[in-house]
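The values are calculated or read from the model by the stated rules, or taken from the named source; none is laboratory data. Given the structure is predicted, the values throughout are model-derived calculations rather than measurements. So basically every Cβ, Gly included, is an ideal-geometry build from the backbone, and we count neighbours across all protein chains shown. With ligands, DNA and RNA removed, areas are computed over all heavy atoms of the protein, side chains included. Shrake-Rupley method; radii C 1.70, N 1.55, O 1.52, S 1.80 Å.
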Amino acid sequence: MADYSSCSTENRSLFTPCAACKFLRRRCLEDCLLKPYFPPNEPMKFIVAHKIFGASNIIKLLQELPATQRADAVKSLVYEANARMRDPIYGSAGVISHLHDQMTKLQAQVALTQAHISNLQSQNANLMTLIPKQQSLSDHYYPFQDSTPLSHDDDTDIWHLGETTWESFWS
(Lines give C-alpha, C1' and ligand atoms only; values in the text may rest on other atoms or scores of the structure.)
Protein backbone atom coordinates (compact mmCIF):
# COMPACT_ATOMS: atom_id res chain seq x y z
CA MET A 1 0.00 0.00 0.00
CA ALA A 2 1.43 3.36 -1.00
CA ASP A 3 1.82 6.24 1.41
CA TYR A 4 0.75 9.49 -0.26
CA SER A 5 1.17 11.69 2.80
CA SER A 6 4.58 12.83 1.62
CA CYS A 7 3.28 14.05 -1.78
CA SER A 8 3.56 17.76 -2.46
CA THR A 9 0.33 19.76 -2.20
CA GLU A 10 1.83 23.13 -3.03
CA ASN A 11 0.16 23.41 -6.45
CA ARG A 12 -3.20 21.97 -5.45
CA SER A 13 -5.95 24.20 -4.14
CA LEU A 14 -8.05 22.63 -1.39
CA PHE A 15 -11.12 24.86 -1.53
CA THR A 16 -14.53 23.73 -2.78
CA PRO A 17 -15.75 25.33 -6.00
CA CYS A 18 -18.82 27.55 -5.81
CA ALA A 19 -22.19 26.18 -6.92
CA ALA A 20 -22.03 28.18 -10.17
CA CYS A 21 -18.63 26.85 -11.26
CA LYS A 22 -19.55 23.36 -10.17
CA PHE A 23 -22.76 23.45 -12.21
CA LEU A 24 -21.05 25.01 -15.23
CA ARG A 25 -18.20 22.50 -14.87
CA ARG A 26 -15.50 25.09 -14.96
CA ARG A 27 -12.54 25.78 -12.76
CA CYS A 28 -13.43 28.00 -9.81
CA LEU A 29 -10.72 30.57 -9.15
CA GLU A 30 -9.95 32.23 -5.83
CA ASP A 31 -11.38 35.53 -7.11
CA CYS A 32 -14.51 34.03 -8.70
CA LEU A 33 -17.21 36.71 -8.99
CA LEU A 34 -20.02 34.24 -8.22
CA LYS A 35 -18.35 32.49 -5.29
CA PRO A 36 -19.62 34.78 -2.48
CA TYR A 37 -23.21 34.65 -3.71
CA PHE A 38 -23.61 31.00 -4.74
CA PRO A 39 -21.97 28.86 -2.03
CA PRO A 40 -21.34 25.18 -2.74
CA ASN A 41 -23.94 24.06 -0.16
CA GLU A 42 -26.77 25.89 -2.03
CA PRO A 43 -26.62 24.61 -5.63
CA MET A 44 -30.33 25.13 -6.38
CA LYS A 45 -29.92 28.84 -5.84
CA PHE A 46 -27.65 29.09 -8.89
CA ILE A 47 -29.45 26.44 -10.94
CA VAL A 48 -32.77 28.30 -10.77
CA ALA A 49 -31.19 31.71 -11.50
CA HIS A 50 -29.17 30.23 -14.36
CA LYS A 51 -32.22 28.57 -15.88
CA ILE A 52 -34.15 31.85 -16.02
CA PHE A 53 -31.43 34.47 -16.61
CA GLY A 54 -28.37 32.57 -17.83
CA ALA A 55 -24.92 32.61 -16.30
CA SER A 56 -23.51 35.29 -18.62
CA ASN A 57 -26.34 37.71 -17.81
CA ILE A 58 -25.89 37.12 -14.07
CA ILE A 59 -22.14 37.79 -14.39
CA LYS A 60 -22.72 40.94 -16.48
CA LEU A 61 -25.21 42.27 -13.99
CA LEU A 62 -22.91 41.64 -11.04
CA GLN A 63 -19.96 43.28 -12.83
CA GLU A 64 -21.99 46.43 -13.46
CA LEU A 65 -23.04 46.80 -9.81
CA PRO A 66 -20.95 48.09 -6.92
CA ALA A 67 -19.80 45.32 -4.55
CA THR A 68 -22.12 46.63 -1.81
CA GLN A 69 -25.24 45.99 -3.91
CA ARG A 70 -24.35 42.60 -5.36
CA ALA A 71 -25.70 40.45 -2.51
CA ASP A 72 -29.10 42.17 -2.69
CA ALA A 73 -29.12 41.82 -6.48
CA VAL A 74 -28.46 38.08 -6.25
CA LYS A 75 -31.26 37.70 -3.69
CA SER A 76 -33.60 39.55 -6.04
CA LEU A 77 -32.52 37.45 -9.03
CA VAL A 78 -33.07 34.20 -7.14
CA TYR A 79 -36.47 35.39 -5.86
CA GLU A 80 -37.59 36.44 -9.32
CA ALA A 81 -36.28 33.18 -10.82
CA ASN A 82 -38.24 31.14 -8.26
CA ALA A 83 -41.35 33.22 -8.95
CA ARG A 84 -40.89 32.70 -12.71
CA MET A 85 -40.55 28.96 -12.17
CA ARG A 86 -43.89 28.92 -10.32
CA ASP A 87 -45.63 31.40 -12.62
CA PRO A 88 -43.89 31.77 -16.00
CA ILE A 89 -46.24 34.53 -17.19
CA TYR A 90 -46.32 36.99 -14.29
CA GLY A 91 -43.43 35.94 -12.03
CA SER A 92 -43.06 38.12 -8.96
CA ALA A 93 -45.58 40.63 -10.35
CA GLY A 94 -48.23 37.91 -10.01
CA VAL A 95 -47.23 37.35 -6.38
CA ILE A 96 -47.38 41.09 -5.70
CA SER A 97 -50.78 41.35 -7.38
CA HIS A 98 -52.13 38.42 -5.35
CA LEU A 99 -50.83 39.94 -2.10
CA HIS A 100 -52.33 43.31 -3.04
CA ASP A 101 -55.73 41.68 -3.63
CA GLN A 102 -55.49 39.92 -0.27
CA MET A 103 -54.58 43.19 1.44
CA THR A 104 -57.55 44.97 -0.16
CA LYS A 105 -59.94 42.24 0.98
CA LEU A 106 -58.52 42.29 4.51
CA GLN A 107 -58.81 46.08 4.70
CA ALA A 108 -62.46 45.83 3.66
CA GLN A 109 -63.00 43.15 6.31
CA VAL A 110 -61.34 45.36 8.97
CA ALA A 111 -63.56 48.30 7.96
CA LEU A 112 -66.66 46.10 8.16
CA THR A 113 -65.63 44.80 11.58
CA GLN A 114 -64.97 48.33 12.84
CA ALA A 115 -68.41 49.41 11.62
CA HIS A 116 -69.97 46.43 13.39
CA ILE A 117 -68.13 47.29 16.61
CA SER A 118 -69.25 50.91 16.34
CA ASN A 119 -72.85 49.77 15.80
CA LEU A 120 -72.69 47.50 18.86
CA GLN A 121 -71.22 50.32 20.96
CA SER A 122 -74.02 52.69 19.95
CA GLN A 123 -76.63 50.02 20.73
CA ASN A 124 -75.01 49.53 24.13
CA ALA A 125 -75.07 53.28 24.76
CA ASN A 126 -78.76 53.43 23.79
CA LEU A 127 -79.58 50.58 26.15
CA MET A 128 -77.69 52.23 28.97
CA THR A 129 -79.82 55.37 28.58
CA LEU A 130 -82.97 53.29 28.99
CA ILE A 131 -81.84 51.80 32.31
CA PRO A 132 -82.14 54.19 35.28
CA LYS A 133 -78.65 54.84 36.62
CA GLN A 134 -79.40 54.93 40.35
CA GLN A 135 -81.48 51.80 40.48
CA SER A 136 -79.89 49.02 42.49
CA LEU A 137 -80.84 45.45 43.18
CA SER A 138 -82.07 46.29 46.64
CA ASP A 139 -84.77 48.53 45.12
CA HIS A 140 -86.50 45.55 43.51
CA TYR A 141 -89.21 43.69 45.37
CA TYR A 142 -88.46 40.08 46.09
CA PRO A 143 -91.13 38.06 47.87
CA PHE A 144 -89.79 36.52 51.06
CA GLN A 145 -86.87 38.96 50.98
CA ASP A 146 -87.15 40.25 54.50
CA SER A 147 -89.78 38.12 56.11
CA THR A 148 -88.89 34.51 55.44
CA PRO A 149 -85.42 33.03 55.84
CA LEU A 150 -84.14 30.57 53.27
CA SER A 151 -82.06 27.72 54.65
CA HIS A 152 -80.49 24.52 53.41
CA ASP A 153 -79.89 21.30 55.27
CA ASP A 154 -76.65 19.83 53.86
CA ASP A 155 -77.20 16.38 55.41
CA THR A 156 -80.56 15.78 53.72
CA ASP A 157 -80.08 18.20 50.78
CA ILE A 158 -83.45 19.81 51.53
CA TRP A 159 -84.25 23.51 51.27
CA HIS A 160 -86.46 25.28 53.78
CA LEU A 161 -88.29 28.51 53.05
CA GLY A 162 -90.25 29.41 56.09
CA GLU A 163 -92.78 26.60 56.50
CA THR A 164 -92.25 25.21 52.97
CA THR A 165 -89.76 22.40 52.31
CA TRP A 166 -88.57 21.01 49.02
CA GLU A 167 -85.77 18.82 47.72
CA SER A 168 -82.97 20.12 45.54
CA PHE A 169 -83.34 19.87 41.76
CA TRP A 170 -79.77 18.62 41.36
CA SER A 171 -79.96 15.55 43.53
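Filter the stretch 42-80 for residues that are open to solvent by less than 80 Å² (accessible area, probe 1.4 Å) and hydroxyl-bearing (Ser, Thr, Tyr) and give the result.
Selection gives 56, 76.
Could you go through the stretch 83-92 and let me know if any residue there is open to solvent by less than 70 Å² (accessible area, probe 1.4 Å), closer than 16 Å to residue 48 by Cα, of a type outside the set (Ser, Thr, Tyr) and not in a helix (DSSP H, G or I). Spell out how you get there, then give the answer.
Taking the stretch 83-92 first, the residues open to solvent by less than 70 Å² (accessible area, probe 1.4 Å) are 83, 87, 91-92.
Then keep just the ones that are closer than 16 Å to residue 48 by Cα; that gives 83, 87, 91-92.
Next, only the ones that are of a type outside the set (Ser, Thr, Tyr) stay: 83, 87, 91.
Among the residues that remain, those that are also not in a helix (DSSP H, G or I) are: 87, 91.
Yes, that holds for at least one residue.
Determine if the stretch 101-113 includes at least one residue that is farther than 28 Å from residue 37 by Cβ, at pLDDT below 90 and among the acidic types (Asp, Glu).
no
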